[in-house]
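To start, the structure itself, in structure tokens.
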Amino acid sequence: MPPDRAALGAFLRSRRSNLTPAQAGIAPFPGPRRVPGLRREELAVLAGLSPDYYSRVEQGRQANVSTEVLDALARALRLNEIERSHLHDLAAPVRERKASGPEAQQRPDPGLLRVMAMLDHVPVLLLGVRSEVLASNALLRAVLGHPMPPGSVLARWVLLDPAARERLANWEVIARNTVGAMRRETGRRPHDRKLRAAIDEILAADAQAAEWWADQRVVDHASLVKHIHHPVAGDLTFGIEAVTAPHDPDQVLVVYTVEPDSHTARALPLLASWQLTLATPEVPI
């Protein structure tokens with residue numbers, strides 16, 4: 001079975017197993033049940049498909065799946081917009097594997113760098129593909145206590161560096177979202193060998209990350225709250241927002257927002273002038 005189709009089948013099975021007949025609004029089909037989730041036949045009926053056709057899709061034996069069928073499955077499985085988009089990515093026609101060779105270095109978008117410069121009063125990070133750091137400001141490095149050099153992988157720091165667990169007060173929430181974002185990116189970039197290698201490294205090194213990976217959960221660069229234990233400024237709270245340039249969706253500007261007049265807002269000017277900021281170049285040379 002092609003890897004693309006294996007990933008599609010695994011995702012469908014995981015979403016099917018997480019949705020009971022009661023949650024789907026149908027009476028369970030008669031007969032003994034081995035799992036609490038939907039049977040293939042139940043999902044097929046919900047989506048308006050024949051059981052045989054759906055079995056071929058889930059087992060990777062259906063080469064092409066129409067947009068209409070994918071949308072019907074997404075509705076039946078009650079997928080959110082991110083999951084629906086991931087489903088469509090996984091079902092896209094099998095693409096030819098690109099010839100191996102050196103990949104061009106991703107350069108920071110000049111427009112996003114200008115926006116970053118205007119936001120020097122809050123922590124800001126520019127990420128590229130595979131969660132690689134393209135640029136960061138001094139305040140971001142002071143808050144996280146890490147130099148975040150260009151070319152480093154944010155996911156590797158979050159999931160494998162013990163210092164991240166100490167600095168991120170809600171580490172598990174951030175870590176689970178990081179794993180879900182990596183899975184989302186594999187749907188967009190199924191033949192990215194560097195991405196696959198980074199994921200394999202993380203999953204081999206951390207059993208908890210491997211467990212989260214297995215549940216097939218996907219997230220995008222969604223809004224979330226990040227709590228920081230800072231050794232000097234104390235406990236800090238940020239709302240994390242992501243901005244993507246329309247002409248380059250592979251670059252994401254991650255902005256740490258703060259509530260006005262909060263402890264965090266008052267602490268940031270102190271951190272901005274603090275000598276523990278790390279002298280790391282903002283952009284690759």
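The values are calculated or read from the model by the stated rules, or taken from the named source; none is laboratory data. As the structure is a computational prediction, the values presented were derived from the model and not from experiment. Note: ideal-geometry Cβ built from the backbone for every residue, glycine included; neighbour counts use all protein chains shown. When the accessible area is computed, the model is the full protein with side chains, heavy atoms only, and any ligands, DNA or RNA have been set aside. Shrake-Rupley method; radii C 1.70, N 1.55, O 1.52, S 1.80 Å.
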Item checked: Spherically averaged projected area of segment 163-208 from its Cα convex hull (nm²) -> 3.5
Next item on the list: Pull out the extension gain between D235 and H191, defined as 0.36 nm times the separation in residues minus the alpha carbon to alpha carbon distance; nm, one decimal.
Entry: 11.8 nm
Notebook entry, point to check: If you add up the charges near T264, with Lys and Arg at +1 and Asp and Glu at -1, over every other residue whose beta carbon is less than 13 angstrom from its beta carbon, what do you get?
Noted result: -1
Notebook entry, point to check: Which value in Å is the Kirkwood Rh of segment 18-133 over different Cα pairs?
Noted result: 18.2
Checklist line | the chain: projected area of the alpha-carbon convex hull, averaged over directions, in nm² | finding: 17.5
Note to self: Could you work out [θ]222 nm for the chain from helices alone, using -39500 (n - 2.57) per DSSP H run of at least four and dividing by all its residues? Round to the nearest 500 deg cm²/dmol.
What the structure shows: -13500 deg cm²/dmol
Next item on the list: Report ³J(HN,Hα) in whole Hz for each residue of segment 153-159, in order, from the Karplus equation J = 6.51 cos²θ - 1.76 cosθ + 1.60 where θ = phi - 60°; Gly and Pro get x.
Entry: 10, 4, 4, 5, 5, 4, 8
Notebook entry, point to check: Which residue, P150, P231, P190, has the most motion in a Gaussian network model of the chain that connects Cα atoms within less than 10 Å?
Noted result: P231
Notebook entry, point to check: Where does helix 263-273 land angle-wise versus the long Cα axis of the chain, in degrees 0 to 90, nearest 10?
Noted result: 50
Next item on the list: Specify the residue with the greatest mean-square fluctuation among V255, V129, V35, computed from a Gaussian network of the chain linking alpha-carbon atoms under 10 Å apart.
Entry: V35
Next item on the list: Give the residue from A7, V158, S223 lying farthest towards the positive end of the charge dipole for the chain; charges sit on Cβ (+1 for Lys and Arg, -1 for Asp and Glu) and the dipole is referred to the Cα centre.
Entry: A7
Next item on the list: Quick one, can you get me the convex hull of the C-alpha atoms of segment 103-145 expressed as volume per residue in Å³?
Entry: 68
Item checked: Accessible area per residue in Å² at 1.4 Å probe, computed on the chain -> 50
Next item on the list: For R114 and Q23, compute 0.36 nm times the residue count separating them, minus their Cα-Cα distance, and round to one decimal in nm.
Entry: 28.0 nm
Margin query: Treating only the Cβ of Lys, Arg, Asp and Glu as charged (+1, +1, -1, -1), what charge dipole size does the chain show about its Cα centre? Round to the nearest 20 debye.
Written below: 860
Checklist line | Of M148, Q105, V69, farthest towards positive along the dipole that unit charges on Lys, Arg, Asp, Glu beta carbons give the chain | finding: V69
